[in-house]
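Here is the structure we will look at, set down as structure tokens.
The values are calculated or read from the model by the stated rules, or taken from the named source; none is laboratory data. Note that the structure is predicted; figures quoted are calculated from it, not measured. Ideal geometry is used to build each Cβ from the backbone, glycine not excepted, and the neighbour counts take in all protein chains shown. SASA here: full protein model, heavy atoms, side chains in, ligands and nucleic acids out. Shrake-Rupley method; radii C 1.70, N 1.55, O 1.52, S 1.80 Å.
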Amino acid sequence: MGKHERGTIFCKKIGVKASVPGCAAADTVSISQLAMAWQHLVIIGFYSDPIFHNKAFYPTVIAAAATSSRNSLGAVISFIFQFKWRIVYIVADVPRGSGTVANSGSASLAAALHVRGCTVHSTTVNTSAGDSSSPFLSALTQIRKSARIVSFWGHALSLRRFMVAAQRSNMTKGDYVYIYLDISEYPTGVFGKVAWENQDDYDNEARSAYESVFVVAPTPSVTPSSEKAREILFRRLIEGSKLHYNYSYATGFLPGPNVLSTYSTLKILGEMLAEILRTHQIPDAGRLARRMMNHSFDTNVGTLEFDAAGERIVRFDVKQLDWNSGTFQV
């Protein structure tokens, strides 16, 4: 399915209609608002909004996105409050494809922390290409004056540049804590890979700096039994993307987790419809939505779990750099 396409599945045989909106937020909300009157099941794979928890207005909406703002922010806030930190400095780097998430996510975190009584300082930077640390020097100067807890938002390569700058400013020796939200359970081209090693002159500085970083990341949904099936699906998606859309994924990067969410949710829908056919039940959008709420499904590419409002539950781990292996471990 193309990035801005809307896919609609017509199950004429049993009189059920289901829509899978694209990733445009405004379109998704508009379609979802009409879904109840249409008796239309809406499965959202690329966007999440807390308003969908109101089942009085959105009774037939299933929010299956792997990047839920509610879950992501909740994980970061829980980590901050676990240690009773109350003064936080937020830095958002906004130039890359991840800039939209950095902008909206950092603003939402600031608002949520304010409401909970925290003192929040924030700034945005717009870095250019290259490894110069200069865009971050002003932010680090302000951090030194006002906070010891830093939440960084942006591309993983921007995090690396920021941490190298912090290392050179002597702000990584245990006096400061840096928190980074990695919203993807595996590396993607949009957000990059959290790693100190980049085969350049800054590797040693980055490795030392990353000892001060806590990475909040989704708990992997893949299981040993589904790992092979996921690899096969990735190959099909990468090949199909190049063949049909003339788009090639960068080496080492995979289709985003939301693609897997959409694929898995459609598989779940197909299995539910097949069961309805076998048992000669009368299907409707509300019944299908309720059958997904408060349920966990083991699919051939991973486990999906939904809460009472039909939103996918995404759990998070907190990782730190293991010096011996050089990787981030839970």
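Being over 27 Å from Arg144 (Cα atoms) and buried (at least 19 other Cβ atoms within 10 Å of the Cβ) is a property that Val190 lacks. Note on the range 108-125: among residues that are open to solvent by 60 Å² or more (accessible area, probe 1.4 Å) and part of a helix (DSSP H, G or I), the one that is nearest to Leu137 (Cα to Cα) is His114. Scanning the range 36-54 for residues that are open to solvent by less than 50 Å² (accessible area, probe 1.4 Å) and either touching a residue at least 40 places away in the same chain (Cβ under 8 Å) or in contact with a Lys or Arg (Cβ under 9 Å, 6 or more places away or on another chain) (or both) yields His40, Leu41, Ile43, Gly45, Ser48, Asp49, Phe52. Which residue is least open to solvent (accessible area, probe 1.4 Å), if the candidates are limited to the range 57-96 and must be under 23 Å from Ala147 (Cβ atoms), of a type in the set (S, T, N, Q) and without any contact (Cβ under 8 Å) to a residue 60 or more places away in the chain? Ranking the candidates gives Ser78 first. Out of curiosity, is Phe136 crowded, with 17+ Cβ neighbours inside 10 Å, of a type outside the set (Val, Ile, Thr), under 23 Å from Val101 (Cβ atoms) and within 20 Å of the chain's Cα centre (by Cα)? So Phe136 does not fit the description; no.
Every residue, every condition in (1) more than 22 Å from the chain's Cα centre (by Cα); (2) among the hydrophobic types (A, V, I, L, M, F, W, C), yes or no:
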| site | (1), (2) |
| --- | --- |
| Ser48 | no, no |
| Pro59 | yes, no |
| Ala63 | no, yes |
| Ala66 | no, yes |
| Gly74 | no, no |
| Ile80 | no, yes |
| Phe83 | yes, yes |
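A Cβ distance below 6 Å, combined with a sequence gap of six or more or placement on separate chains, defines the contacts here; from the range 234-250, residues that are closer than 19 Å to Gly192 by Cα reach residues that are part of a helix (DSSP H, G or I) in the pairs Tyr247/Ser241; Ser248/Lys242; Tyr249/Ile238. Among the residues of the range 147-186, the one identified as at positive phi and surrounded by 22 or more Cβ atoms within 10 Å (Cβ to Cβ) is Gly154. Applying the set (1) open to solvent by 40 Å² or more (accessible area, probe 1.4 Å); (2) closer than 30 Å to Ser261 by Cα to Gln142 leaves exactly one unmet item: (2).
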